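Here is the structure we will look at.
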Amino acid sequence: MNEQEFTELADAMLERIEQALERLQGSDGPDFDFELKPGGVMELEFDNGSKIIVNRHGAAREIWLAARSGGFHFRPENGRWVDTRNGDDLLDALARCMGEQAGAAVSLK
């Protein structure tokens, strides 16, 4: 996969995350703000001041997730973004991290 193909795939996933977060903000879910910044960086901030960062990493051809519970790397595989260590789905991992930091259950699907 070349860099342009990776960027297109990663940007589509970041857009999907953005749409899921917008739906979650319109529900009775946890209070948080988020911003998709230039360069494929998404920052989520919770009422308690904690943050989660999701960003595309072109050199590694991965999407990285940084949360209180650690750092996670996801690569595209068969139409999904999967954790390079345990095969978890990116949206599931993000929802889990958000729930841990917000203190409330979160679903992004």
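The values are calculated or read from the model by the stated rules, or taken from the named source; none is laboratory data. Note that the coordinates shown come from a computational prediction; the quantities given were computed from them, not determined experimentally. All Cβ positions, glycine included, derive from the backbone under ideal geometry; neighbour counts span all protein chains shown.
Scan the stretch 41-53 residue by residue and report those that are modelled with pLDDT under 95 and surrounded by 14 or more Cβ atoms within 10 Å (Cβ to Cβ).
Across the stretch 41-53, the qualifying residue is only 46.
Quickly run through the stretch 1-51 and pick out the residues that are of a type in the set (Phe, Trp, Tyr) and assigned to a strand (DSSP E or B).
32, 34, 46
Regarding the stretch 69-92, can at least one residue be identified that is of a type in the set (D, E, K, R), over 29 Å from residue 4 (Cβ atoms) and without any contact (Cβ under 8 Å) to a residue 40 or more places away in the chain?
no
If I ask for residues that are small (Gly, Ala, Ser) and touching a residue at least 12 places away in the same chain (Cβ under 8 Å), which ones from the stretch 35-68 would you list?
Within the stretch 35-68, 39, 40, 50, 58, 60, 66, 67 meet the criteria.
Looking only at residues in the stretch 99-109 that are within 12 Å of residue 48 (Cβ to Cβ) and among the hydrophobic types (A, V, I, L, M, F, W, C), which one is modelled with the highest pLDDT?
102
Does residue 83 satisfy the condition of being of a type outside the set (A, V, I, L, M, F, W, C) and within 24 Å of residue 27 (Cβ to Cβ)?
No; evaluated as a whole, the condition is false for this residue.
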